[in-house]
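The values are calculated or read from the model by the stated rules, or taken from the named source; none is laboratory data. Predicted model only: the values in this text are computed from it and were never measured. For neighbour counting, all protein chains shown are included, and Cβ atoms are generated from backbone atoms with ideal geometry for every residue, glycine included. In case anyone asks, the SASA skips ligands and DNA or RNA and just uses the protein heavy atoms, side chains included. Shrake-Rupley method; radii C 1.70, N 1.55, O 1.52, S 1.80 Å.
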Amino acid sequence: MRELGMQRWMDKKIAPPVPLGSYAQEDVTFLLKDLGGVALEQGTEERETAIQSGVHYSEMLPAEYRPTDRYVDLFRDTLCRSAGKVAQSVAAVSELIWARKGHEAVLVSLARAGTPVGVLIKRYIREMYGADLPHYSISIIRGKGIDDNAVLYILQRHGADAKLQFIDGWTGKGAIRQVLIEACESFGVKYGVRLDDDLAVLADPGRCTATFGTREDYLIPSACLNSTVSGLMSRTVLRDDLIGPEDFHGAKFYREWLDEDVSNLFVDTVSSCFASAAEAGRRSAAEMLASPPPVTWQGLRDIRSIQETYGIDDINLVKPGVGETTRVLLRRMPWKILVDRVDNPNLSHIMLLAEDRGVPVEIFPGLSYSCCGIIKLLKGESE
């Protein structure tokens, strides 16, 4: 069975990647089909209505708006204050990956929040160990799984025994982690190749992975913006009329936003802190290797409690963690924001954005997260 599966993926023809994104080519290869000529964007309310009516989120894109000066200032201020902290998380994660997989590691970022983190991990390992690990960015979609063609392309280039390391920015309730676990199992059944479903992230407040930099729920600056901090790439798209059997999942490269792009500013600023962060990162990684942290999925239990308290049937309306709450306030239609305490130093920008949009903030003590954003239910108001 394994031999038959391997023959299938070795023989499959896959359309080769084209250069995409605003990162240097040596930093990352995007395994995505460019849908630049297709009108996919929808306004916030129109898109929210479609999603809540059953249209899959991967069939359309949120409209990309020019970041306001306020949001750009938030990004720059957060980057200035937290670059060292982010670098330490990168160091810890990179040291874990290097200790476990070494020169055989192939970095596979999950587009799009994982891409800047993958660039940073690649740079850290190159700077500290002189190893230029391959780094790809591929699509994973809740409810549809991982891009098999992208994984097959990587295996065709690096072999069935390549030690893939999946990477994302942070965890929320663990939905993508669950999709990854299921996708790796499915891939093994289809192609006879066992993939490591470990997910490396900078922050794991949801406690759903064992490879992380910290479990503190703080704002990673790349969560403040959209494509302009992610290599000018959109979210990924999967539609039968656009993606053929030999294609990668799709995305748009917003070349018109080059003047607004801060993708390289982000990775350059954090990378400049690696030397001072390395020692602490190594200590943290050594502690986790000696005593692996438990994966409890506590964050998911917290979300169930919130659902019960507020009578929310759809778990996808609850977006936990500072990063996801920031995104709810920037690009969705928020109903309310829950915080663990109002004096949490990680929440100053959340309070600012909530006030700006007129969104109520409530205390929900005992959260694993600093905060949660709840999306407004459009098919009848939440009580």
Which value results when the Cα radius of gyration for the range 234-383 is divided by 2.2 N^0.38 Å?
1.33
Among the GluC sites (Glu not before Pro) within the range 7-52, which fall in a DSSP loop and have no more than 12 other Cβ atoms within 10 Å of their own Cβ?
26
Give me the percent of DSSP beta bridges within the range 321-383 that run antiparallel, rounded to the nearest 5.
60 percent
Amide H neighbours of residue 146 under 5 Å, at least 5 residues apart or on other chains, H built in the peptide plane: list them.
141
Search the structure for amide H atoms under 5 Å from the amide H of residue 335, placed 1.01 Å from N in the peptide plane, and list their residues when 5 or more places away or on another chain.
374, 375, 376
Would you please state which residues of the range 221-251 a label at residue 258 would reach in this model, taking the label point 7 Å out along Cα→Cβ and a backbone N cut-off of under 19 Å?
227-234
Based on the Cβ-Cβ distance from residue 182 to residue 55, what FRET efficiency comes out when R0 is 22 Å, to the nearest 0.05?
0.50
Nearest 5 is fine: what % of DSSP beta bridges in the chain come out antiparallel, could you say?
30 percent
List the lysines whose Cα lies under 22 Å from the Cα of residue 12, skipping any in the same chain that are fewer than 8 positions away.
33, 144, 163, 190
About the Cα centre, and with charges only on the beta carbon of Lys, Arg (+1) and Asp, Glu (-1), how big is the dipole of the chain? Nearest 20 debye, please.
560 debye
Can you give the helix-only mean residue ellipticity at 222 nm for the chain, where every DSSP H stretch with n ≥ 4 adds -39500 (n - 2.57) and the sum goes over all residues, rounded to the nearest 500 deg cm²/dmol?
-13000 deg cm²/dmol
Vicinal HN-Hα couplings computed from phi for the range 357-364 (Karplus, 6.51 cos²θ - 1.76 cosθ + 1.60; Hz; Gly/Pro x)
9, x, 9, x, 10, 10, 7, 10
In nanometres, what is the gap between the two model label sites at residue 352 and residue 216, each 7 Å from Cα along Cα-to-Cβ?
1.9 nm
Once neighbouring chains are kept in place and the probe is 1.4 Å, which whole percent of the accessible area of the range 87-187 is contributed by carbon and sulfur?
41 percent
Can you list the aspartates and glutamates whose alpha carbon sits under 12 Å from that of residue 252, skipping same-chain ones fewer than 8 residues off?
34, 41, 64
Sorted by accessible surface (1.4 Å probe, heavy atoms of the protein chains only), largest first, 137, 284, 348 come out as 348, 284, 137
Taking all protein chains in place and a 1.4 Å probe, what share, in percent, of the accessible surface of the range 194-290 do carbon and sulfur account for?
46 percent
Out of all DSSP beta bridges with both ends in the range 151-309, state the antiparallel percent to the nearest 5.
25 percent
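Arrange the residues 124, 65 by how much accessible surface each exposes, largest first, with a 1.4 angstrom probe.
Working: 124 0, 65 140 Å².
Listed by decreasing accessible area, they come as 65, 124.
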The chain accessible area per residue, 1.4 Å probe, protein heavy atoms, integer Å², reads 41 Å²
For the range 182-191, just list the computed ³J(HN,Hα) in residue order, Karplus coefficients 6.51, -1.76 and 1.60, θ = phi - 60°, integers in Hz, with x standing in for Gly and Pro.
5, 5, 5, 5, 5, 4, x, 5, 6, 10
Net charge contributed by nearby residues that have their C-beta within less than 9 Å of residue 170 (K/R +1, D/E -1)
-4
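Normalise the Cα radius of gyration of the chain by 2.2 N^0.38 Å (N = residues in it) and let me know the number.
On the way: Rg = 19.9 Å, N = 383, 2.2 N^0.38 = 21.1 Å.
Rounded to two decimals, the normalised Rg is 0.94.
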For the range 148-160, 3J(HN,Hα) per residue [Karplus equation, 6.51 cos²θ - 1.76 cosθ + 1.60, θ = phi - 60°, Hz, x = Gly/Pro]:
4, 4, 5, 5, 4, 4, 4, 5, 5, 7, 10, x, 5
